[in-house]
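Peer 1: Mind having a look at this structure? Questions to follow.
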Amino acid sequence: MTNILNPMAAGIDISSLDHYVAVSKQLYPGGVRVFKGFTEDLHKLAKWLVSLKVKTVAMESTGVYWYHLYTILLDYGLEVYLVNARAVKNVPGRKSDVSDAQWLQHLHACGLLNASFQPDNLTRSLRSYVRERKNIIRELSRQTQRMQKALEQMNIKLAKVINDIQGKTGRLIIEDILAGQRDPEKLVSHRDRRIKVSHKVLLKSLEGNWREEHLFCLRQAYAHYNFLTSQLNDCDLAIEKAIEQMEKDGKATDTLARDRVYKNQPGFNAKQHLYQVLGTDVTKIWGLKSVTALTIFSETGPDLKGKFPSEKQFLSWLNVVPNNKSSGGKLLSSRVPKKKNRAGQALREAANGLWNAKNPLGEYLRKKKARSGAGKVIVATARKIAVIYYKMVTEKVAFDPGIMINDQRIYWRKKLDSLEKTKLKIELQLYNYQ
């Protein structure tokens with residue numbers, strides 16, 4: 001007989017309209033009760049569980065339907081386990097909403113479920129802002145592509161001769177075109193002295209076939225781009241305000257210089273705010289820019305040790321370590337699972353930007369690529385960055401590049417010794433053939 005560890009446990013099968021709640025038949029004779037998904041019914045559900053003296057609840061992370069019920073149950077003082085659907089998908093017998101809820105309740109009562117990571121309310125707010133910011137940047141890229149297409153359809157080769165049509169020169173030229181200017185000589189006068197393309201080539205690129213329908217598309221895309229830019233500024237203000245609320249307990253007093261401003265970078269000193277909250281400058285880690293560090297922080301929060309007591313748990317949640325499966329003493333599989341994790345993806349992007357870097361992480365990427373392939377070595381490098389991040393944040397220590405440099409020095413010394421031994425062997429063979 002299975003040991004019951006949580007007799008006062010409940011399981012909830014979530015859907016968009018109905019929530020099936022299963023409890024022990026000792027608490028409720030029917031075992032399962034159905035509630036609607038409206039806010040009023042969610043409060044009735046929570047009050048019913050409290051009246052039965054239920055202490056802990058398990059539910060699947062189904063779409064976004066779990067969120068409101070999750071927060072309401074927390075408000076009523078219940079312990080809520082949000083579990084991965086993979087852990088409960090093998091329901092015995094005929095599958096239905098009732099059996100799903102009963103199976104959840106049974107597993108939770110037996111202590112067989114692990115709760116998914118959930119951030120605190122401040123981190124959750126920051127995470128929403130940062131995710132929205134990324135969506136806006138993605139949409140900005142789409143509008144830039146629409147502008148490039150409209151220009152190309154008029155045979156304006158502006159996007160071919162300058163790197164970014166949203167730079168100073170590109171924007172002034174586009175604004176002048178939309179204002180009615182068609183003379184290439186006047187359009188080329190907006191050329192900034194830092195533009196590498198010559199005056200002659202830029203002039204030729206601005207001779208086009210002006211079509212009203214394509215000008216209309218260009219005007220629409222440019223207006224949408226400007227609107228999204230204002231939204232991005234508003235989003236940056238909201239992000240800065242959310243981080244400032246976390247800084248009330250910050251103890252760092254040093255002032256850090258702001259990074260060089262690149263395109264789509266935060267409109268505030270993200271490095272300083274992160275240092276104020278975390279107590280260490282994580283942007284010193286190779287490959288970790290301010291916007292990447294902000295993404296990781298918004299997904300994990302400031303209390304990294306409390307949410308992930310060990311480094312292994314943190315790396316597993318980030319999905320940057322292989323999921324080793326073994327049976328009979330043999331390793332069956334060691335693939336990295338395919339699952340969506342924005343913090344892990346940000347670390348992969350940081351690692352991918354180190355291919356030409358002249359530091360130990362860049363050397364590690366280039367050295368391991370031939371043996372393991374680019375995909376695997378990016379994950380391995382992301383894991384190294386994550387280890388450094390976890391140590392810096394949990395122990396409040398500064399980034400020490402000397403440790404990795406010393407490891408590289410030891411590696412190359414061993415490599416040199418190996419090559420010298422190989423050289424001696426080759427010289428001995430040459431001597432024998434004389």
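The values are calculated or read from the model by the stated rules, or taken from the named source; none is laboratory data. No experiment lies behind these values; they were computed from the predicted model shown. Note that we place each Cβ from the backbone using ideal geometry, even for glycine, and neighbour counts take in every protein chain shown. These accessible areas exclude ligands, DNA and RNA; they are computed on the full protein's heavy atoms, side chains included. Shrake-Rupley method; radii C 1.70, N 1.55, O 1.52, S 1.80 Å.
Peer 1: If you go through the range 42-54 one residue at a time, do you hit one that is in contact (Cβ under 8 Å) with a residue 24 or more places away in the chain and of a type in the set (Lys, Arg)?
Peer 2: yes
Peer 1: So Lys248 clears everything in (1) in a helix (DSSP H, G or I); (2) modelled with pLDDT of 90 or more; (3) surrounded by fewer than 16 Cβ atoms within 10 Å (Cβ to Cβ) except one condition, right? Which one?
Peer 2: (2)
Peer 1: Return yes or no: is Arg194 at pLDDT 90 or above, open to solvent by 70 Å² or more (accessible area, probe 1.4 Å), at negative phi and over 19 Å from the mean Cα position of the chain (by Cα)?
Peer 2: So Arg194 does not fit the description; no.
Peer 1: Here is a list: Asp234, Asp176. Which entry is open to solvent by 60 Å² or more (accessible area, probe 1.4 Å), assigned to a helix (DSSP H, G or I) and modelled with pLDDT of 90 or more?
Peer 2: Only one candidate passes the filter, namely Asp234.
Peer 1: Can you confirm whether the range 336-357 contains a residue that is open to solvent by less than 20 Å² (accessible area, probe 1.4 Å), more than 19 Å from Glu299 (Cβ to Cβ), out of contact with any Cys (no Cβ under 9 Å at 6 or more places or on another chain) and part of a helix (DSSP H, G or I)?
Peer 2: There is no residue in the range 336-357 that is open to solvent by less than 20 Å² (accessible area, probe 1.4 Å), more than 19 Å from Glu299 (Cβ to Cβ), out of contact with any Cys (no Cβ under 9 Å at 6 or more places or on another chain) and part of a helix (DSSP H, G or I).
Peer 1: Take the range 108-128 and flag every residue that is over 22 Å from Val64 (Cβ atoms) and surrounded by fewer than 20 Cβ atoms within 10 Å (Cβ to Cβ).
Peer 2: If the condition is that a residue be over 22 Å from Val64 (Cβ atoms) and surrounded by fewer than 20 Cβ atoms within 10 Å (Cβ to Cβ), then Cys110, Gly111, Leu112 are the ones that fit.
Peer 1: When only residues in the range 371-400 that are open to solvent by 80 Å² or more (accessible area, probe 1.4 Å) and within 17 Å of Leu315 (Cα to Cα) count, which is modelled with the lowest pLDDT?
Peer 2: This residue is Lys376.
Peer 1: Here is a follow-up. Test of understanding: among Tyr364, Tyr431, which residue is of a type outside the set (D, E, K, R), in a helix (DSSP H, G or I) and within 24 Å of the chain's Cα centre (by Cα)?
Peer 2: Exactly one of Tyr364, Tyr431 is of a type outside the set (D, E, K, R), in a helix (DSSP H, G or I) and within 24 Å of the chain's Cα centre (by Cα), namely Tyr364.
Peer 1: Also: Please list, ordered by first then second residue, the pairs with beta carbon atoms under 8 Å, 6 or more apart or interchain, first in the range 205-217 and aromatic (Phe, Trp, Tyr), second in a loop (DSSP other than H, G, I, E, B) and open to solvent by less than 30 Å² (accessible area, probe 1.4 Å).
Peer 2: Trp210/Met154
Peer 1: Another question, then. Would you confirm, using the coordinates I've provided, whether Ser61 is under 16 Å from Leu113 (Cβ atoms), of a type in the set (Gly, Ala, Ser) and in contact (Cβ under 8 Å) with a residue 40 or more places away in the chain?
Peer 2: Yes, satisfied.
Peer 1: Just checking, which of Glu79, Glu60 is closer than 25 Å to Gly306 by Cα, crowded, with 19+ Cβ neighbours inside 10 Å and of a type in the set (Asp, Glu)?
Peer 2: Glu60
Peer 1: For Leu274, are the conditions met, namely being more than 17 Å from Lys396 (Cα to Cα), of a type in the set (A, V, I, L, M) and open to solvent by less than 60 Å² (accessible area, probe 1.4 Å)?
Peer 2: It is false that Leu274 is more than 17 Å from Lys396 (Cα to Cα), of a type in the set (A, V, I, L, M) and open to solvent by less than 60 Å² (accessible area, probe 1.4 Å).
Peer 1: While we're looking at this one, here's another question. If a residue must be polar (S, T, N, Q), part of a loop (DSSP other than H, G, I, E, B) and over 16 Å from the mean Cα position of the chain (by Cα), how many such residues does the range 287-331 contain?
Peer 2: Number satisfying all stated conditions: 3.
Peer 1: Moving on to the next point. From the residues in the range 92-107 that are open to solvent by 60 Å² or more (accessible area, probe 1.4 Å), in a loop (DSSP other than H, G, I, E, B) and out of contact with any Ser or Thr (no Cβ under 9 Å at 6 or more places or on another chain), which one is nearest to Asn341 (Cα to Cα)?
Peer 2: Filtering first and then ranking leaves Lys95.
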